[in-house]
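So the structure is just underneath, and the comments pick up after that.
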Amino acid sequence: MITYELPANPLYYAYVLNDGGTVEINNCTRL
Amino acid sequence: MAKQLIATAETADHDFAIWAINPPFSANPYTFDIASWSIDYRALDSNKPGFLPSVCTFQALINDNDFTTNLRSILQDATGMYFVKITKGIDVVYVGFITPDLGEIELINGQRFIKFVASDGFQMLDKTSSLYEFTGVKPFTTQIYDVFDFFDFWEVYDAYTISQHPIPTEAVSLGATNGGMYWTGCIQEGLYYTGTNWRNFRDVMDDILVTFGLQCFQDRGLLVFRSTWYKTPDWYNFYGYQGAFLYRLTGYSVTDTAEVFSDGLELFKAATRQVFITHNQPSSAIIKDEVTQYKSRTNYYVGNAVPTGTNKLQYNAAWKVRATVPDGYPLQNVEFTITAQIRYGAYYYNGTAWTKTASNAISVTKHKNVQNNTGDPAIEDFTHTVANFHTAALPNIGTQPIYVSVEATQTAGDDLDGFVTTSTLVMEYHSGSPTATEYYADNTKKRNGIDLSFKTEIGDIFQSSNVATPIAGELRAFGNTLRTISVTNLEWDAAENLLLTKISIELGKTAFKPQQYYEIELTKPISYNHKFTFGSVDYKPLNLSFNEKTTTVTYREWVYGDILTDPKNGRPDQLLPPL
C-alpha cells in the first residue's frame, strides 16, 4: 500500500486556503 | 515577469507543456509528439539531510519541415529560460527547468528525435550569494523564498512546504502554527559570508537543511522540505510570497495500491554508528543554562564539550533535598550527604583530576535540627549552592558528552518519609571556548555501523543574556509577531537542549539498526513523497524513477529507536525525548 503525505494538485490547496472561493494556484508569485 | 506557453504534447495519460519565462518574443504555441519520458530521483541513498535532486528526461519527434515549430531552437537559445510541466488530469506530476546544453538530437531510421533534460533546478544554486543583501535578523522562511526567487523558482513551482519541524518554546506564544522556521532566523554574517568571502547559495541552503534536519526535493510541482526523522509528519506548513505563512495541512493521508511486478533482492543498509555535526562558529562560554530549572539529575545529559587543550568546565548549581518529616518526629540532628558526579565521556572528575574510576566531584554534608509536632507531615529543605566550581582542563579526547548526577543520602537522624533531590545547572567553559562546536550522537553499540558527519554555519550559541545582540552564525527566535525583535538562548524542548544536539540524536535514531533495502518495480507511476507498506513493514523511498506506466524504486525500511553507547565506552546512553 502506498500512502501519500501531500495532495496531488495545487487546486486542493487553493480550495483549502480560500474555502472554495477564488482559486489561486501559484501562491508564490506576486501578481 | 511573464510566462508564455511554447508547445504542448499529450501521451496516453499525461500532458506536457513547455513554457518560457520572459521570452524576448511572442510565442505561438504548437503541438509536438512525445516518444518517451522518465523522471529520476537520484537521492542520497540514506536518510540524511540535504537536497534530493531529480531529473526529467523526455524524447520528442522533430518536425523538420517547419522551423517555427521546431523544438530544436530551445537547445541553442541564448536568452530563454524554459521549463516543462507534466500533468495528469489536474494533478501536477513534475515541473522542471530545461537545461539546453544537455539535450541531443538523434536520427533513427530517418526520423529525428530530440532529447531534453529538465531538472528541479537545484544545480543553479552554485552561485555566489553576494547579490543577496539584508540587514538584521531575517526569518528562514523568507530567506528560502528569496534565495529561490533569484533563480525564478516561483515561476515554476506552485509553493513550498515545510513538514513538521522544531520550534523554540520562546516563539510558541506568537503562534505555533506558523512553524519554527517562520519564527526563527539569523543575521547574514556567518551564514552568507565569512570575513570577506561570500558563500554560494547552495552552501547556505545546505547549512539550513542540516541545522533543521531537512531534505529538500520536488514532489508534484511543490518544493518540499521534509524532516528526516518522521515516518509521517503530523503536518505540512505552506509558505507563499516572501515566505508568508499560508496555512497548515494537518493529517492528510491518501492511500493507493500498486502491484509489485518484479521480484526484489533484499539487502540491508548499515546502521549509523556515530553522527557528528560541526557548528563551525566560535562557541560562547555557556554549554547549558538551566539556572531556574530544578530537576532530578541522574546521569543527566548536559551537552557536548569540545576541549581546546586548556579549557575546563565551570559548574554552578543550586541543590535542594526536599524531605517529608512525619508527624511526631522528635527534635534531632538530621544530616544529608549530597554528591555530584561530573562525567566527560568515560572520565569522572574527582575533585583534582579526570579519572576513569567512578568518583564524585563534590561531596557536602548538610545538617539541621528537625522536629515536627504540628499534627501533619511537614516539609524540610536541605539546600546547597555550588558557585563557580572548576574542573581540571578537559582531557584532549575530542568532543564528548557531559553528564551530571546529583544524588543525596540521609547520613544521620531517624528515617524521614522520603526525600527528593533536585538541582539547577549552569555548565560553562572556563579558560577558553572552542572555535567550533561538534555535536555528537553515539550509537557505538553498533560496532559495524557507519559514521555520518555534517557541517553547518548556523546553530545555537548561548549568550549571557537573552536579549544580547545577534552574532554570526547564531539561531535567533523572534520576540514579536512583526518579527522585528529577536532573542537568543533558545529552548528546543522541555529539557532545553540545543537544536543541533537534538538533530544529531534524531539522525542517529532513524538508522539505529540495519534496515531492509529493496529494489522493486511497481505497475504505475508513483510520486516521490510517500510511504510504502508491504507485509506490515513500512518503507520510505530513497531512489525512484518512473515513466508513463511503471516505477522502479529502492526502498529503505523505516526504523526509529534509541541509540545505545558501547558499554566499553564507559558512559551512559544519550537518551533524549523525541522532538
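Structural remarks
- Of all the residues in segment B:88-137, those that are in a loop (DSSP other than H, G, I, E, B) and closer than 22 Å to B:Lys549 by Cβ number 2.
- Listed conditions (1) more than 14 Å from chain A (Cβ to nearest Cβ); (2) more than 27 Å from B:Ile86 (Cβ to Cβ); (3) of a type outside the set (Lys, Arg) are all met by B:Asp126, apart from (2).
- Residue check, B:Glu170 more than 27 Å from B:Ala43 (Cβ to Cβ) and touching a residue at least 12 places away in the same chain (Cβ under 8 Å): yes
- Residues satisfying the stated conditions in segment B:249-267, i.e. hydroxyl-bearing (Ser, Thr, Tyr), surrounded by 11 or more Cβ atoms within 10 Å (Cβ to Cβ) and facing chain A (nearest Cβ under 7 Å): B:Tyr252, B:Thr255
- Any chance B:Ala159 is touching a residue at least 12 places away in the same chain (Cβ under 8 Å), closer than 18 Å to B:Pro233 by Cβ and either away from chain A (no Cβ under 14 Å) or open to solvent by less than 10 Å² (accessible area, probe 1.4 Å) (or both): yes
- Each residue in segment B:170-206 was checked for being more than 21 Å from B:Gly479 (Cα to Cα), open to solvent by 10 Å² or more (accessible area, probe 1.4 Å), in a helix (DSSP H, G or I) and out of contact with any Gly (no Cβ under 7 Å at 6 or more places or on another chain), and 2 pass.
- With a requirement of 2 or more residues that are within 28 Å of B:Gln274 (Cα to Cα), open to solvent by 50 Å² or more (accessible area, probe 1.4 Å) and in contact with a strand residue (DSSP E or B) (Cβ under 9 Å, 6 or more places away or on another chain), the strands (runs of 3 or more DSSP E) lying completely within segment B:402-487 that satisfy it span B:450-456.
- Scanning segment B:56-85 for residues that are of a type outside the set (Ser, Thr, Tyr), in a strand (DSSP E or B) and either in contact with a Lys or Arg (Cβ under 7 Å, 6 or more places away or on another chain) or farther than 27 Å from B:Met205 by Cα (or both) returns B:Phe58, B:Gln59, B:Ala60, B:Leu61.
- Residues that are more than 7 Å from chain A (Cβ to nearest Cβ) and not in a loop (DSSP other than H, G, I, E, B) within segment B:236-248 comprise B:Asn237, B:Tyr239, B:Gln242, B:Gly243, B:Phe245, B:Arg248, listed in sequence order.
- Among (1) assigned to a loop (DSSP other than H, G, I, E, B); (2) over 15 Å from B:Lys312 (Cα atoms), the one test that B:Thr352 misses: (2)
- Test result for B:Asn200, modelled with pLDDT of 90 or more and away from chain A (no Cβ under 12 Å): yes
- So B:Phe150, is it among the aromatic types (Phe, Trp, Tyr), within 14 Å of chain A (Cβ to nearest Cβ) and surrounded by fewer than 18 Cβ atoms within 10 Å (Cβ to Cβ): yes
- Residues within segment B:525-564 that are under 30 Å from B:Ser359 (Cβ atoms) and open to solvent by 10 Å² or more (accessible area, probe 1.4 Å), tallied: 2
- Taken together, B:Ile167, B:Ile144 contain a single residue that is touching a helix residue (DSSP H, G or I) at 6+ places or on another chain (Cβ under 7 Å), more than 14 Å from chain A (Cβ to nearest Cβ) and surrounded by 21 or more Cβ atoms within 10 Å (Cβ to Cβ), which is B:Ile167.
- In the condition set (1) within 15 Å of B:Trp154 (Cβ to Cβ); (2) more than 20 Å from the chain's Cα centre (by Cα), B:Ser253 is compliant with all but (1).
The values are calculated or read from the model by the stated rules, or taken from the named source; none is laboratory data. These numbers come from a predicted model, not from an experiment. Quick reminder, even Gly has a Cβ in these numbers, built from the backbone with ideal geometry, and neighbours come from all protein chains shown. Ligands, DNA and RNA are stripped out before the accessible areas are found, and what is left, the full protein with its side chains, is counted by its heavy atoms. Shrake-Rupley method; radii C 1.70, N 1.55, O 1.52, S 1.80 Å.
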